[in-house]
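Notes to accompany the following structure.
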Amino acid sequence: MDKMSSISIAIAWCLAWGNEREPNDLTNQMREALNKGEELPEKVKALVKQSQELQNLEFPDTLEKLKELPEKYPQLWNSQIGLVYGGATKIKQYVFEAAKLPDFRGASALLDRINLIDLPAFFGEYKNVPKSISISQWLKNNFPDLEAALIPELIIYSTGGNILAFCPAVFVDDLANAIEKRYTEETLTANSCAVGAKFKLLEIRFGLLNNQIETTFWLDKYNSHLHHQLIEAYFAKSDVNDSVQAFKERKSFNELVGKLASLFNKRRSGNGFINRNSRSYPPMFETHPYLKRDEGDRRSAVMKAESLPNEPWFSEASARKRIVGQISKEDHSSKHWYSQAGFYWEPNQIYLPSWVHKFEVFLDDNELANQYYNGCKNPEEARSLIEIGNASKPNGFVAYIYADGNNMGGYIQKIQTPQEYQEFSDDIFQATEQSVYQALAQHLHPHHLNNIKDQEKVQRNGHWIHPFEILTIGGDDVMLIVPADKALAIAKTIGDEFEKILLNKRSDYKLDNTYNPKVVHRYQADKQDVSGNQCKLSMSTGVLITAEDTPIYYAQKLTEQLLKSAKKQAKDLKKYGYYGGTVDFLVMKSVTMISYNISEFRSNGLTKFGTGKQKLKLYAAPYTLHELGGLLETAKALKDAEFPRSQLYQIRSLLERGKQTAILNYRYFKIRLSDQKAQELLKQQFEDAWCRPKDPANNGNLAPWMSLKEVKEETEEKVTYETIWRELVDLYPFIEQSNDKSNYATSQQPTFKV
């Protein structure tokens, strides 16, 4: 069994099951052997061998060879296997429906529990979690025959908020319905979707095949229509130089997953399916204008939680979010309000995963506990944004981090087997999770709460907490809330570690190409590795630094816009050969700072037009990971040198007056510095690092400006200049001085010559 892949066992299981709804002697023997870890029966070994042969079949390069396959492998042609894909949809609509962190936390924890615990438990997969009687009983009550037809090896992946799994063909609709029903019964209002289809076993290896195999679209027709727009779009020929290779990559298991993705979108839109109820009418709880509503003002309230602060009103859906949020944070002080309501749903009987608990296990496994805890013992989980903001310097500010993977779609299109899908899913989830834990361990320590003045939270003073909130880690998605002063360093480490972990896992993720760092990166202080040791996959991140009392739903929308901006930058840089991560960030010190989207704010408020062809951008975001590291180094150098903040603000205010005015003001500021070390600091950390001219023969600089990489002076487009100075000033309050300032500062604050 050790030499058998789980995919081979899954295919053998479906072959052994056949087309009946009841288990047979062979499947009973197989289940018993798998549960006990014993050797499989001989008949099962023969089926496993068939599945292994299927995955190793040579690709037929002509239609004639394809037509021979049903005769050579009749069982692989005549037998069917089910494939099901499903998960939650419109997740942000459900999670950010309310206005308070405990509700967000509970909604996210409930979805995580369904994704990571409940759905794998359908297959008997518990992963060190105590076996949940409720899930097994739930299946028996709702889908009596389904549990016996499922084994853990059928799961291809279930870690990214979605599940992809094999099943006996006769149970395709049952499994899809069970996935949707579980989400609805547990959350009441979260949207979900699941679809399934039956495929011939040969299609697992060679993609979709017609029942009359001789009519299948194959290589001869493909080669005669290579330049047809539909052919190029469907087979993604533009991404592969070899057209035959493009055809083989598409005509594989990848095509089956593509069909399920299409069915998923169709069902999510409300279209009907044969033998399945339509999703045209999602869960809805009507209200009335004269009835009391819950805090989200969406549904009729059914109870008043008198033991909670401010005595909030809850509908049952919002009550579930709040109690799950309390359980996930092990907040036992005020949970009896839920039991007093008399709801039939019992969350205490269901295991709830905790990201903080997983983080603590990671610290122990990687010998990082001493570094992180720094002498503190048994810190609690943060319970509010006020507590996270209390750990920031200055106090009262938090940062929202929203990260998402780059180039995932293009990489997935080249995956050809279920085994590769399984390995890819595990690799991405582990890299994402471990990179987050590594970043938190590297940049944070437990925080001792003090000077909290909020009347509802004042009793928390004196407690030690983990100063962060992990809203979710799903596949290649990450949503965090951290102290504002550590946010950009954490975001950079997540991006760096994600690529590093993947490169260490297997060579398939390595990209064998080079790029010119002088073209890609604006920060030129450090040399970049151009040996081609890039990762094909990376992370783009949006970071919003704001006050702790900023409405979370509003902050989430802005952070999502920043993420889209970072991903656009990553896409633009691919044409220069750069596949690494990018980060866009914004420091918002007041809620009224932006009343519309960030792109319009930057275009209308931070973009000026000078004389001639000059276009001035008073910002430089988004940044590559290397540039972000340089920005933090430059900001730290200015902080260590203790430059007068009034002068920093003055230079920023004069940026709007034009390129020449800003340059003259900056040089006047620099010359007036009485300290030679301070002048040298500006030259090394700012001018030489950021403001070098494009022409190597030119020894001057444009400080505080730098010209864009895509300047086209021969056209009528305006020449664009940008500056990091505004972002340096915005970050200045959140930058901590180094313990050793000998490399930067003098014994006294820089003064100015009269």
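The values are calculated or read from the model by the stated rules, or taken from the named source; none is laboratory data. Note that the structure is a prediction, hence the values are computed from the model and not measured. Every residue, glycine among them, receives a Cβ derived from its backbone with ideal geometry; neighbour counts consider all protein chains shown.
Need at least 3 residues that are out of contact with any strand residue (DSSP E or B) (no Cβ under 6 Å at 6 or more places or on another chain) per element, so show me which helices (runs of 4 or more DSSP H) inside segment 325-428 make the cut, counting only ones lying wholly within it.
Correct list: 336-341, 355-365, 369-373, 408-412.
Somewhere in segment 446-456, is a residue farther than 30 Å from Ile204 by Cα and in a helix (DSSP H, G or I)? Break it down stepwise before answering.
Here is the first cut: in segment 446-456, the ones farther than 30 Å from Ile204 by Cα are 446-456.
With the extra rule that they be in a helix (DSSP H, G or I), the set shrinks to none.
No; the residues of segment 446-456 include none that is farther than 30 Å from Ile204 by Cα and in a helix (DSSP H, G or I).
Taking segment 292-314 only, how many residues are assigned to a strand (DSSP E or B) and either touching a His at 6+ places or on another chain (Cβ under 7 Å) or not charged (D, E, K, R) (or both)? Spell out the reasoning first.
In the first step, residues of segment 292-314 are kept if they are assigned to a strand (DSSP E or B); the result is 293, 300, 303-304, 313-314.
Adding the requirement that they be either touching a His at 6+ places or on another chain (Cβ under 7 Å) or not charged (D, E, K, R) (or both) leaves 300, 303, 313-314.
The qualifying residues number 4.
Does Lys636 satisfy being under 28 Å from Asn406 (Cβ atoms) and outside any helix (DSSP H, G or I)?
For Lys636, the condition - under 28 Å from Asn406 (Cβ atoms) and outside any helix (DSSP H, G or I) - is not met.
Kindly list, by first and then second residue, each pair from a residue in segment 644-657 that is touching a residue at least 60 places away in the same chain (Cβ under 8 Å) to a residue that is of a type in the set (Gly, Ala, Ser) and crowded, with 18+ Cβ neighbours inside 10 Å, limited to pairs with Cβ atoms under 9 Å and residues at least 6 apart or on different chains.
From residues that are touching a residue at least 60 places away in the same chain (Cβ under 8 Å), the pairs are Ile651/Ala662; Leu655/Ala662.
Evaluate the following for Glu627: is it part of a helix (DSSP H, G or I), free of Cβ contacts under 8 Å to residues at least 24 places away in the same chain and of a type outside the set (Phe, Trp, Tyr)?
Values: part of a helix (DSSP H, G or I): yes; free of Cβ contacts under 8 Å to residues at least 24 places away in the same chain: no; of a type outside the set (Phe, Trp, Tyr): yes.
Taking the combined requirement at face value, the residue does not satisfy it.
Restricting to segment 703-754, and then to whatever is part of a loop (DSSP other than H, G, I, E, B) and closer than 15 Å to Ala662 by Cβ, can you tell me which residue is modelled with the lowest pLDDT?
Only one residue tops the list, namely Ala703.
Hey, which of the helices (runs of 4 or more DSSP H) in segment 189-236, taking only ones fully inside, have at least 3 residues that are of a type in the set (A, V, I, L, M) and at negative phi?
Per the criteria, 201-206, 229-235.
Which residues, counting only those in segment 65-82, are surrounded by fewer than 18 Cβ atoms within 10 Å (Cβ to Cβ) and more than 22 Å from Ala10 (Cα to Cα)?
Selection gives Lys65, Lys67, Glu68, Glu71, Lys72.
Answer yes or no as to whether Gln614 is closer than 18 Å to Cys691 by Cβ and free of Cβ contacts under 8 Å to residues at least 12 places away in the same chain.
No.
(1) outside the structural domain of Leu563 (by TED's automatic domain parsing); (2) without any contact (Cβ under 8 Å) to a residue 40 or more places away in the chain: which one isn't true of Glu600, the others all being true?
(1)
If you go through segment 9-27 one residue at a time, how many are under 40 Å from the mean Cα position of the chain (by Cα) and surrounded by 12 or more Cβ atoms within 10 Å (Cβ to Cβ)?
Residues in segment 9-27 being under 40 Å from the mean Cα position of the chain (by Cα) and surrounded by 12 or more Cβ atoms within 10 Å (Cβ to Cβ): 13 in total.
Which fully enclosed helices (runs of 4 or more DSSP H) of segment 60-137 have 1 or more residues being at pLDDT 90 or above?
63-72, 74-78, 101-113, 119-122
Would you please name the residue that is nearest to the chain's Cα centre (by Cα), looking only at residues in segment 506-527 that are outside any loop (DSSP other than H, G, I, E, B) and farther than 30 Å from Phe686 by Cα?
Tyr509
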